[in-house]
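Just so it is clear, none of the values below were taken in a lab; they were calculated from the coordinates. The structure presented is a predicted model; accordingly, all values stated were derived computationally and were not measured. For neighbour counting, all protein chains shown are included, and Cβ atoms are generated from backbone atoms with ideal geometry for every residue, glycine included.
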Amino acid sequence: MEAVKNAVRMAGITKHFGSVVANRNINLELHEGEILSLLGENGSGKTTLMNMLSGIYYPDKGQIFIHDKPVTIKSPKDAFDNGIGMIHQHFKLVDVFTATENIILGLDEKGSLNLKRASKKIKEISERYGFEIDPNQKVYNMSVSQKQTVEIIKVLYRGADILILDEPTAVLTPQETDKLFAVMRNMQKDGKSLIIITHKLHEVLEVSDRVAILRKGEYIGDVATKDASQQSLTDMMVGRAVSLNIDCPKAEVIQERLRVEHLTVKDVEGVKRLDDVTFTANSGEILGIAGIAGSGQRELLESIAGLQKLEPESKIVYIDPKTGEERILNGLDPLKIIRSGVLLSFVPEDRFGMGLVGSMSIAENVMLRSYRMGRGNPLLNRKHPRDLANKIVDDLEVVTPNVDRIPLRRLSGGNVQKVLVGREIEQSPTVLMTAYAVRGLDINTSYTIYNLLTKQKMQGVAVIYVGEDLDVLLELCDRILVLCGGQVSGIVDARSVTKEQIGLMMTQFRKDSIAKEAAKHEK
C-alpha cells in the first residue's frame, strides 16, 4: 500500500487577536489529491486557520509544511509562490472589469499586457476542468456562480495546486452546486488538493474524502467521510448530542395579517419576475416559500418590503393586529411602511449589500434599525442599541470580543448572519420575512434560528420563510407556497404534503404552461 503524501501539514498553529484565541495548537494535514472538509461551529476558527495558510494572517506559533518542506507564508504572494490559492466567501473582484482583466489583475508578467493570450489560457483552463465562462464578460453582468468561477480560475491561472474554498455553496442554487462539485472532482483527478469550508453536512458527505473538525479554536479530530453521518459529525462539532428535530406546534389563534393579490413585478427589461401572485400570510403561522432559485422568491419579499415597483393590478394589504384596519402598502417605500405603523422586518438574501454595514460594529448596525426606539439623540445615546446588541450576542451565541469596536466584516460569515437575523427579530415585528436566514450557519445555530422563528409564530407573528432545504420547509412551516417561474403553482399544507410532491410543483407548472402554449399554436 502506497504511503499517504501530505500536500499541507500545519503543526502547532496558534493565533491570537488581542485576548481572543482564534486557533490553539492546531495540527492539520491535507493529503495530496484529496478533498478535505473543514467543519466547525461559527467562530470555531476555520477561516482564520485557512487565512494563515493563504497568507492573510501570520501564525503566532507553529510551522507550515508544503509537500513536507517547511515554508514561511507572510503574504498571499508567498502562498501563491507555494501553490496555494484561496477563494473567499466574499468575492474580491472589480465590477467594471471583464473576467480576463480580473484574473490577470496584479500579475507581474514580462513584456506587454496581452489580453488575447490571457483569454486563450482562461479558455484552456475552463475546458480542462469543466467551467463555463465568457472571458470578455463584465463582472457586473455576472451571476454569483459566474463570479465564483472567475475567482477559482484566478487562482488556477496563477498555478495553484492547493485550493481553499470558503463556504463555496452558500449562495449557489442546487444546480450550480452540482456543477461546482463536478469541477472540484475534475480538479482532484488532475492532482489538485482541496480544502472546503462548509456548514452543509449533506454536501460534506457528498463531496469530501475526509472531514477535519474544529471546536472553539481547537482541533478535535478527523474522520473518513465514508464512516460519518450527519448526526455523528454534528455531535463531534458541538461536543454533545444534538437533536436534529424541529418542533412545529399549532398556534391557538390564527388571523389574517397580510393579503397579497395579483402581485405582478417586471424587471428593467420588462420581463415578468412575478406574475399574478395571490396568497395570505397569517399570524400564528410560518408560511414557507419553495421554488427553484430565480423563481421570484427575492422579488416577492422585496415587493412586500417596498423595494420593488409593482404593476397597477397588484395589491398588498396589511391588517392591523389591534384594530383590524386594512392598510394598502402599494407604492410605499420602506420608511413610509414603518411610519404608517406597519411592523415589518426583513432579513434579505444579501447580508452586506442590503442588510448590514461591514465597517460598522454590531451595536452601530443594530442602531441603524432601532434608533427610533431609543430616547434622545441616537448619535449620542448608544445605550439602547448597545443593550440590544448584547442581547443578540447572548441569545445567539455570537462569537465576538465586544459589540462596540470590532467592525462586523471582521466576524465570521455565520456570526454576521446571526447579527442580521437577531436584529430583525428584536424589532418585535408583526410580520417577519426571512430570505435564506440560515445560509452559512452551522447546524446547531440553524436549529436555534428555527426555534426562534417558531417562538415568533407562537407569539402571534406572521412569519414568511424562504428556504432551500425542502426537508426543513416541511418540518418548520404550517403552509408552503410553491413558486415556479414567478407564478404560484400551489399552496399546500406542510403537514400532509411530501417532498416529492413539492418538487414536482416546483417544475410542473412551467411544463403545463409550455404544453398549453403548444396546444394553442396547434389550434
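Return P(r) of the chain (all Cα-Cα pairs; 10 Å bins starting at 0; whole %; ordered from short to long distances).
Spelled out per bin, shortest first, that is 3, 17, 26, 26, 18, 8, 2, 0.
Residue separation times 0.36 nm, minus the C-alpha to C-alpha distance between H67 and D276: what's the value?
Working it through step by step, the gained length comes to 69.3 nm.
Sort the following peptides by mean Cβ neighbour count (other Cβ atoms within 10 Å, averaged over residues), highest first: 360-366, 62-68.
360-366, 62-68
Show which aspartates and glutamates lie in cross-link reach of K15 when reach means a straight Cα distance below 13 angstrom and same-chain residues fewer than eight apart are skipped.
Those aspartates and glutamates meeting the cut-off are D60, E218.
Treating cross-link reach as a plain straight distance, find the lysines whose alpha-carbon is under 22 Å from the alpha-carbon of K250, omitting any fewer than eight places away in the same chain.
Hits, sequence-local ones excluded: K322, K455, K457, K499.
Just order 427-437, 413-423 by mean Cβ neighbour count inside 10 Å, highest at the front, would you?
Put in order of decreasing packing, that is 413-423, 427-437.
Tell me the mean residue ellipticity at 222 nm calculated for the chain from its helices only (DSSP H runs of n ≥ 4, each -39500 (n - 2.57), averaged over every residue, nearest 500).
One gets -10500 deg cm²/dmol as the mean residue ellipticity at 222 nm.
Sort 284-294, 183-193 by packing, meaning the average of other beta carbons within 10 Å per residue, with the highest value first.
Going from most to least packed, we get 284-294, 183-193.
Provide V399, V482 in ascending order of the number of other Cβ atoms located within 10 Å of each residue's Cβ, fewest first.
V399, V482
Compute the convex hull volume of the Cα atoms of the range 267-330, divide it by the residue count, and report the result per residue in Å³ as a whole number.
About 99 Å³ per residue, rounded to a whole number.
What's the FRET efficiency of D387 with K322 using the Cβ-Cβ distance as r and R₀ = 22 Å, to the nearest 0.05?
0.25
If you rank F131, F346, F17, F97 by fewest surrounding Cβ atoms within 10 Å, what's the result?
So the ranking, lowest neighbour count to highest, is F17, F97, F131, F346.
I need to check one value: relative contact order of the range 5-119, counting alpha carbon pairs closer than 8 Å and at least 6 residues apart, in percent.
Relative contact order here is 23 percent.
Among bridges DSSP assigns within the range 6-238, what percent are antiparallel (round to 5)?
60 percent
Could you work out the relative contact order of the range 6-238? I mean the mean sequence separation of Cα pairs under 8 Å and 6+ apart, divided by the number of residues, in percent.
29 percent
So if I place +1 on the C-beta of Lys and Arg and -1 on the C-beta of Asp and Glu, and nothing else carries charge, what would the dipole magnitude of the chain be about its Cα centre? I want it in debye, nearest 20.
Here the chain has a charge dipole of around 1280 debye.
For an R0 of 25 angstrom, estimate the FRET efficiency from the Cβ-Cβ distance between S496 and D247 and round to the nearest 0.05.
0.90
Using a 7 Å offset from the Cα along the Cα-to-Cβ direction at both H31 and Q175, what is the distance between the two label points in nm, to one decimal?
Distance between the two pseudo-spin positions: 3.6 nm.
For T507 and K315, FRET efficiency with R0 = 25 Å and r from the beta-carbon atoms, rounded to 0.05?
Computed FRET efficiency for K315 and T507 comes out at 0.30.
Going toward the positive end of the dipole of the chain, with +1 on Lys and Arg Cβ and -1 on Asp and Glu Cβ, which of Q427, Q231, N365 do you reach last?
Towards the positive end, the residue furthest out is N365.
So how do S229, S126 line up by other beta-carbon neighbours within 10 Å, fewest first?
With the sparsest Cβ surroundings first, the list reads S229, S126.
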